[in-house]
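A short worksheet on the structure shown next.
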Amino acid sequence: CFILTGGNLTINKRSKQLLNHYMEQMKNWFLRILLLLSVFISSDILAQEIDNGTFVLRDNWAIQSSADLKDGGTAIFQAGYSANDWYSATVPTTVLATLVANKVYADPYYGNNYFELPGVRGWNIPEGNPFESSWWCRTEFELPANFTGKHIRLKFHSVNYCANLSINGQKVADSRQMEGAYRLYAFFISQFRKAGEKNSMALEIFPPKLYDLTISWVDWCNFPGIIKRDLKSENNFG
């Protein structure tokens, strides 16, 4: 509980622990909301290991903006592609979270750092905003030899907003098939796998456009200046 003594507000030890706990929870929720500003990719993973026939891909990811790449998708899709100058990542993540982790941007929780991020100040969006271009996300992994002859399904829990997906240089899905924030995706990739060898997976992820049905859009909220309706004529309540 909070204790008022001599006109000064003090906090006992237990209350301080609870307050720190709640502040940490608020920080975590704020981070989740903040990270929706950028591209979100998540797959059905908790660790880089095999468990009950599930091969999980949490680590060894790298991301890079298409605006900073000279190589085309044909090269990026291939196993052995050099991504040394890309940003290392662990998924689930976002572009913003990865850039903060790689010290491109300062901690958004400190001071006014959040407001210095590109595009946050709507009146001061920089030319070449890094969050307006597509971003490449790729990883390579060894598929166990005992996966030969098995039906293999690749599962994602979300991609924001749409993506082209390739396994070992072969297209699995394009941005029309893999579209929509927080949708579940599952693709059978048996014909693309290389059991007992190194495999590559790459996605080119595109951010949402103005009228896409993304995280920040709801059909019942008509934003002023975008949609104008005569409510009297549409909703005749007598």
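The values are calculated or read from the model by the stated rules, or taken from the named source; none is laboratory data. These numbers were taken from a predicted model, which means no experiment stands behind them. We place every Cβ from the backbone using ideal geometry, glycine too, and count neighbours over all the protein chains shown. Ligands, DNA and RNA are stripped out before the accessible areas are found, and what is left, the full protein with its side chains, is counted by its heavy atoms. Shrake-Rupley method; radii C 1.70, N 1.55, O 1.52, S 1.80 Å.
Given a cut-off of 25 Å, name the pairs among 103/209; 150/171; 103/155; 70/155; 70/171 whose C-alpha atoms lie farther apart than that in the structure shown. Walk me through the intermediate numbers first.
Values: 103/209 27 Å; 150/171 20 Å; 103/155 30 Å; 70/155 30 Å; 70/171 20 Å.
In this structure, 103/209; 103/155; 70/155 lie more than 25 Å apart at Cα.
Residue 182: accessible area at probe 1.4 Å, nearest 10 Å²?
120 Å²
Among 72-78, 130-136, how do they line up from the highest to the lowest mean number of other beta-carbon atoms within 10 Å? Mind dumping the intermediate values first?
Working: 72-78: 15.4, 130-136: 19.6.
Ranking, from highest mean packing down: 130-136, 72-78.
Of the options 210, 175, 145, report the single residue whose Cα projects farthest towards the positive end of the charge dipole of the range 84-219 (beta-carbon charges: Lys, Arg +1; Asp, Glu -1).
145
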